[in-house]
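The values are calculated or read from the model by the stated rules, or taken from the named source; none is laboratory data. This one's a predicted model, so the numbers in the text were calculated from it and none came from an experiment. Here Cβ is always computed from backbone atoms with ideal geometry, including for glycine, and neighbour counts include all displayed protein chains.
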Amino acid sequence: MNRERNSVDIAIIGGGISGVGIAQYAAAAGYRVLLIDKGEIGGQTSANSSKLIHGGLRYLETGQINLVRKSLKERRNLLNLAPTLVKPVPFYIPIYRESRRRPWAIRAGLSVYALLSELDPLGRFVSVPSVHWQRLQGLKLAGLEAVFQYWDAQTDDKLLTQAVARSAQALGADIYAQAELLGMEHRADGCTVRFSHDGRERQMEASLVVNAAGPWVNEVIARVSPPLTAVDIDWVQGAHLLLAIPANDGILYLESCFDNRVIFVMPWYGQTLIGTTETELSSLTTSPQVTAAERAYLLGIYQHYFPLAGSLDELKDKIIKEYCGVRVLPKQPTQAFERARDTLMQTAVSHPRLLSLYGGKLTTFRSTSAEVLQWVTRHLGRRSALADVDRIILR
Ligand SMILES: Cc1cc2nc3c(=O)[nH]c(=O)nc-3n(C[C@H](O)[C@H](O)[C@H](O)COP(=O)(O)OP(=O)(O)OC[C@H]3O[C@@H](n4cnc5c(N)ncnc54)[C@H](O)[C@@H]3O)c2cc1C
């Protein structure tokens, strides 16, 4: 750290994928950047996702075409820029007699997905001939009518976040873990940011502040003076279970046997990862835990499709690890599963130097960073760039 520095162009609150992405983009564009995180870099939502770098086939059902197009473009970019961290992986969609999504609908969805992938070879999909269905080890074959195979990508979300943070640091950004924002004063000519670090309170002047605190976005807003109104949000927990069951060679895209949702059964370091759920939380005061209902839901779906894997009790004994991430969804009267997953960027006329991010996806962190950089440039003007983020390999 540069001990002399007591002012920066941009202070970023939060070192998840959103914050570190913005730090990398801003530092590469020549701005002086400080990023603080109250815990570990990439230790929260960005370590507890489904770990997919994907267009989001299911978002087509809710008409989020722009998000899918943008995500597919970002998938292509990340496969090129982070080849050791983001890997293509085959996805399989089995369709049974009782499946709500019929083969024609899946074929139509995959055709649109391929079209939105533009010329990306990962856009191709096939109907898997029935002689190959038993390659999906343990999958129930009774009532199976069709299996479609398409492509998306998988990553280690925490390692990806930390790789982006290292890249930002290499470009000169100051990044502090275990540094919590305590308060922020917003003035017409700049902001004073107060934070704890190394057991003491510190202060930094910043021309602009980006609030990328994920689920804590409104907690950060509550620490701003003069006060400002926050967007009303819901916190929606998503649980994952890691089972001591050797993984299949791809990801299964499974329709829940309990509701209209889709869950994934994924390989994760050789074992089987299942996720996810959507459980509304009323507070974030304690760190979220997987509930008994979430365990029963995920294991119930797994057992429905893999009946020979064991009873529910036997499957419970195979859980090696479980984790939860928390989504931020602007409040709406619809089910969480159906709500838009794009990032919402919020500034207030009364606080033009503060930008707050709500929600978003791991996959689209680069396009979010590019949009935030435009906001920065509008306020501070251009600087001489140090590097081109489209050429920086993440490792
Ligand atoms: C269950 C689940 C599954 C998901 N799966 C996928 C997926 O497969 N693919 C995909 O593309 N997206 C997925 N997402 C979305 C994606 O994970 C998130 O959009 C992304 O990780 C959010 O990153 P973030 O940086 O906004 O938040 P976070 O990663 O939560 O980072 C916020 C950071 O702010 C810090 N912070 C909070 N308050 C303060 C403070 N006062 N001072 C300093 N620091 C503070 C926290 O410590 C934290 O590290 C999923 C999300 C969930 C919940």
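The set of residues from segment 65-90 being within 13 Å of the ligand (Cβ to nearest atom) and outside any helix (DSSP H, G or I) comprises VAL86, VAL89. Counted as qualifying within segment 91-188 are the strands (runs of 3 or more DSSP E) with 1 or more residues that are assigned by TED's automatic domain parsing to the domain that holds VAL33 and within 30 Å of SER225 (Cα to Cα), namely 174-176, 180-187. Scanning segment 102-118 for residues that are surrounded by 15 or more Cβ atoms within 10 Å (Cβ to Cβ) and of a type in the set (Ser, Thr, Tyr) yields TYR113, SER117. Selection over segment 206-236 of residues that are buried (at least 16 other Cβ atoms within 10 Å of the Cβ) and more than 15 Å from the ligand (Cβ to nearest atom) gives a count of 3.
The single condition among (1) without any contact (Cβ under 8 Å) to a residue 12 or more places away in the chain; (2) more than 26 Å from the chain's Cα centre (by Cα) that ALA222 does not satisfy is (2). The helices (runs of 4 or more DSSP H) found entirely in segment 278-395 that carry 2 or more residues being acidic (Asp, Glu) are 312-317. Yes or no: segment 274-285 includes at least one residue that is surrounded by 14 or more Cβ atoms within 10 Å (Cβ to Cβ), modelled with pLDDT of 95 or more and closer than 19 Å to LEU136 by Cβ. So far as segment 274-285 goes, yes, one or more of its residues are surrounded by 14 or more Cβ atoms within 10 Å (Cβ to Cβ), modelled with pLDDT of 95 or more and closer than 19 Å to LEU136 by Cβ.
Give me the pairs: first residue in segment 205-216 and farther than 19 Å from LEU380 by Cα and in the same structural domain as ALA11 (by TED's automatic domain parsing), second residue in a strand (DSSP E or B) and within 11 Å of the ligand (Cβ to nearest atom), beta-carbon distance under 7 Å, and six or more apart or on different chains, which are they? What qualifies is ALA212/ILE12; ALA212/ILE13; ALA212/LEU357; ALA213/ILE13; GLY214/VAL328; PRO215/TRP235; PRO215/VAL326; PRO215/VAL328.
Screening segment 346-395 for residues that are of a type in the set (D, E, K, R) and within 16 Å of the ligand (Cβ to nearest atom) and picking the one that is nearest to the chain's Cα centre (by Cα) gives LYS361.
Quick one: is ALA23 away from the ligand (no atom under 16 Å from the Cβ) and surrounded by 22 or more Cβ atoms within 10 Å (Cβ to Cβ)?
It is false that ALA23 is away from the ligand (no atom under 16 Å from the Cβ) and surrounded by 22 or more Cβ atoms within 10 Å (Cβ to Cβ).
Note on segment 298-322: residues that are more than 22 Å from the chain's Cα centre (by Cα), touching a residue at least 12 places away in the same chain (Cβ under 8 Å) and surrounded by 16 or more Cβ atoms within 10 Å (Cβ to Cβ) amount to 10. Among the numbered conditions (1) among the aliphatic types (A, V, I, L, M); (2) touching a helix residue (DSSP H, G or I) at 6+ places or on another chain (Cβ under 8 Å); (3) buried (at least 22 other Cβ atoms within 10 Å of the Cβ), the only one that LEU136 does not meet is (2).
Please specify each residue of segment 156-186 satisfying the condition of being under 18 Å from SER356 (Cβ atoms) and in contact (Cβ under 8 Å) with a residue 60 or more places away in the chain. Step through it out loud before you land on a result.
Step one: list which residues in segment 156-186 are under 18 Å from SER356 (Cβ atoms), which gives 180-186.
Correct list: GLU180, LEU181, MET184, HIS186.
Taking segment 242-252 as the range and being crowded, with 17+ Cβ neighbours inside 10 Å and away from the ligand (no atom under 12 Å from the Cβ) as the test, the residues that pass are LEU242, LEU243, ILE245, ALA247, ASN248, GLY250, LEU252.
Across segment 14-64, what is the total count of residues that are more than 19 Å from GLU219 (Cα to Cα) and assigned to a helix (DSSP H, G or I)? The number of residues fulfilling the criteria is 16.
None of LEU160, LEU181, LEU144 is out of contact with any Ser or Thr (no Cβ under 7 Å at 6 or more places or on another chain), among the hydrophobic types (A, V, I, L, M, F, W, C) and away from the ligand (no atom under 14 Å from the Cβ) except LEU144.
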